[in-house]
1. Just going by the charge dipole of chain A, with Lys and Arg at +1 and Asp and Glu at -1 on Cβ, which of A:Pro213, A:Ala181, A:Ala68 is farthest out on the positive end?
2. Please say if the protein assembly as shown is rounded, prolate or oblate, where rounded means a/c under 1.5 for a ≥ b ≥ c the square roots of the C-alpha gyration tensor eigenvalues, and otherwise the choice is prolate for a/b larger than b/c and oblate otherwise?
3. Applying the Karplus parametrisation 6.51 cos²θ - 1.76 cosθ + 1.60 with θ = phi - 60° to the phi angles of segment B:4-12, what ³J(HN,Hα) value in whole Hz is obtained for each residue in order, glycine and proline being reported as x?
4. Classify segment A:88-212 as rounded, prolate or oblate from the Cα gyration tensor: take a ≥ b ≥ c as the square roots of its eigenvalues, call it rounded if a/c is under 1.5, otherwise prolate when a/b beats b/c and oblate if not.
5. In whole Hz, what ³J(HN,Hα) sequence does segment A:23-33 give by Karplus (6.51, -1.76, 1.60; θ = phi - 60°), x for Gly and Pro?
6. Let me have the relative contact order for segment A:4-210, percent, based on Cα pairs under 8 Å that are six or more residues apart.
7. Need one value: the accessible area of B:Lys154 in square angstrom, 1.4 angstrom probe, rounded to the nearest 10.
8. Can you give the direction-averaged projected area of the convex hull of the alpha-carbon atoms in segment A:12-101, in nm²?
Amino acid sequence: MTDIAIIDYGMGNLRSVSKALEHVAPNASVVVTSDPVVVRQAARVVFPGQGAMPNCMHEMDARGLRDAVLDAAASKPFLGICLGLQMLFETSEEGNVQGLGILPGKVRHFPPAVAMQDANGQKLKVPHMGWNQVHQAIEHPLWQGITTDARFYFVHSYYVETANPEPVAAYSFYPFQFTCAVAKDNIFAVQFHPEKSHAAGLTLLGNFVRWEPNFTNKAS
Amino acid sequence: MGLAKRIIPCLDVTNGRVVKGINFVALRDAGDPVEISRRYDEQGADELTFLDITASSDNRDLILRIIEEVAAQVFIPLTVGGGVRQVEDVRRLLNAGADKVSINTSAVQNPQLVADAAGHYGSQCIVVAIDAKQVSGAGTDTNRWEVFTHGGRKATGLDAVEWAKKMQSLGAGEILLTSMDRDGTRNGFDLALTRAVSDAVDVPVIASGGVGNLQHLVDGVLQGHAEAVLAASIFHYGEYSIRQAKEYMAQHGIEVRL
């Protein structure tokens, strides 16, 4: 059985994600797959994604992966990364596309660079690219060993706006506060790229491969 | 409290070795790319940039093997450029483990390549590299810089600031801006060039060319308005560590990842 399935729907390079997971879980079988059957049989699922959300939704559906993603998000340790966070929400300003609707809220574009300034009066560029501080909003097994305000690597032009504060696991500032991680039951999803975030990122991935969420009625 | 300015060591690679040139010529050996990558990663580099400066296309596959090896051990963003001519080249580099691909000469020869690559893989992984040289103001007193290609050997007639804006509009997610006048001189970045381009575009700009000391890195951010600073020789020969550079920048009020 596959220990960790990384869902491949043709959007972005998944080699970094798989290499980082192999690094933190050398004895696990890590598979990059677009096969819904493999996703359903995996013990853990990673849902990454890059590029534009309308293309991501389209490519996911074109491969018949939607139901497998929804099942995994309802039943087993599930890690969303970047677009894999944004797609969990209801709608996106990017192409006015519908997301999976697992979490209430929407995906919004950063204001234009001219409208945002840092402390020195310099305009803030979009995409938000580089190492930003991640302020932990809750205690969670995936934060174990990571100090609050540790820096992770981001690259994105859209951010999630949750409908209620309940799933927010962390936030960052650019320049306003935005949600950069959410947690709900067996789901953990991040806007940043743990696979590219050096020691802090590897710690988070290591926490994910060992994570045993408490299930109540989620048996698949 | 916010986004850190980035320090990016640059590795010019040819025939499997890291080399460093002066004004785009006179190469000097600086070591093994995998070993150097690991060292910079340990010192806290924010990203790594590899430029394949192999002249012939015979040894192009060598860079893929190097990137594969680095990507399996170093978990920070990797940018790779040099010899990228078609979307297929972008795909091969991304599959080898690159996170971003830098396009230079081919962006001038075929701007559609930038649009196609960004459309296919997303702007976040498409960097356009611009090699610029100051030219006379043509009857005005304003600064003007011209884009050069082919490793700085060929003038294009393109204005660097206008070119950067055009590349952004076609989908470049970042601009890697090198001053040919300063590259290898250790006299500091061309701050006027860096600022002109950075202020003209909304995407991040990486300043490159001319770093000789740590104050130059500070100037690139505070005066040049760069989001990231790239340097090679001050790090390759052990003059300064990445950590020292970051501490110096932090002392001068720049937010960095320490």
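1. Value: A:Ala181.
2. Prolate shape, in that a/c is at least 1.5 and a/b is the bigger ratio.
3. Those phi angles translate into 8, 6, 9, 10, 10, x, 10, 10, 7 Hz.
4. oblate
5. Karplus values, whole Hz, x for Gly and Pro: 5, 8, 9, x, 9, 8, 8, 10, 10, 8, 9.
6. So the answer I get is 20 percent.
7. Around 110 Å² of this residue is reachable by solvent.
8. 5.5 nm²
The values are calculated or read from the model by the stated rules, or taken from the named source; none is laboratory data. These numbers come from a predicted model, not from an experiment. Heads up, the Cβs are rebuilt from the backbone with ideal geometry, glycines too, and the neighbour counts pull from every protein chain shown. Note: areas computed on protein heavy atoms with side chains; ligands, DNA, RNA excluded. Shrake-Rupley method; radii C 1.70, N 1.55, O 1.52, S 1.80 Å.
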